[in-house]
Amino acid sequence: MRVIKVATPEEMGKQAAAVIAAGMRAKPHFVLGLATGSTPIPLYQELIRLHKEEGLDFSTTITFNLDEYVGLEPTHDQSYRYFMNEQLFDHININKANTHVPNGLAEDLEGHCLAYEMMIDDVGGIDCQVLGIGGNGHLAFNEPGSSLASRTRPLDLTENTIKDNSRFFEKVEDVPTRAVTMGIGTILEAENLLFVANGANKAGIVAAALEGPLTVKVPASALQIHSNVTCVITEDAAADLTLNFRS
Ligand code: PGA
């Protein structure tokens, strides 16, 4: 595991974007796994800057998002499809047909999840997967208790996550209670994992994930068993780390 500590969220975004840009420049048809939430926003801003100012080319890039709420239209301003369009896709030269976000409105959600996994396989797997961490240690929407070998599936969100995410909705009752998420086993199959975290409120859970025991109580602890993980973490979020990480 490689841990890069940085001073600010902007610097986190720059360092993480540099990892992605290097991968994209080395491999046409790069398959990029994307995450939502507030943490990756500076990363997406930097990717947009690299596109506009340095010609980073997304025309052959393929993307897969980690998760989506069940029951929100793609046009709903809290859906993750909407978030990705607003925060990244509308500002770069990506072909939207090559951008994939799970469909939380699929009639057959289980079947959709299987098909989502097959689409990832069909393009040769994910080259680099961006990951954040929830306050409760969730990885994508894999809540505590999720099998570390889980696959893409629909699941119930925890009270904790619903409360955390209610800051984006008018009232807590508006937050969907279910989601579709790539599984932890699915995520671990990506070639490279790019983990980003910022803010003092994440320090405890970041240390639990990266240094604590491998446990279903902290789904992000699964990062410890992947051989190619780059973590870009602000100093405040890294404050509880004690180890010198080695690859
Ligand atoms: P955040 O969410 O980036 O908004 O903190 C992260 C997550 O829940 O995975």
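Give the residues of segment 98-139 that are among the β-branched types (Val, Ile, Thr) and in contact (Cβ under 8 Å) with a residue 40 or more places away in the chain, sorted by residue number.
Once the filter is applied, which keeps residues that are among the β-branched types (Val, Ile, Thr) and in contact (Cβ under 8 Å) with a residue 40 or more places away in the chain, segment 98-139 yields Ile120, Val123, Ile126, Val130, Ile133.
Whether any residue in segment 138-147 is among the polar types (S, T, N, Q), within 14 Å of the ligand (Cβ to nearest atom) and either touching an Asp or Glu at 6+ places or on another chain (Cβ under 9 Å) or part of a strand (DSSP E or B) (or both) is what I want to check.
The answer is yes; a qualifying residue exists.
Among the residues of segment 148-163, count how many are surrounded by fewer than 19 Cβ atoms within 10 Å (Cβ to Cβ) and not in a strand (DSSP E or B).
8
Which residues, taken from segment 118-147, are surrounded by 17 or more Cβ atoms within 10 Å (Cβ to Cβ) and aliphatic (A, V, I, L, M)?
Ile120, Ile126, Val130, Leu131, Ile133, Leu139, Ala140
Every number in this text was worked out from the coordinates using simple rules, so none of it is lab data. These numbers come from a predicted model, not from an experiment. Backbone-built Cβ (ideal geometry, glycine too); neighbour counts: all protein chains shown.
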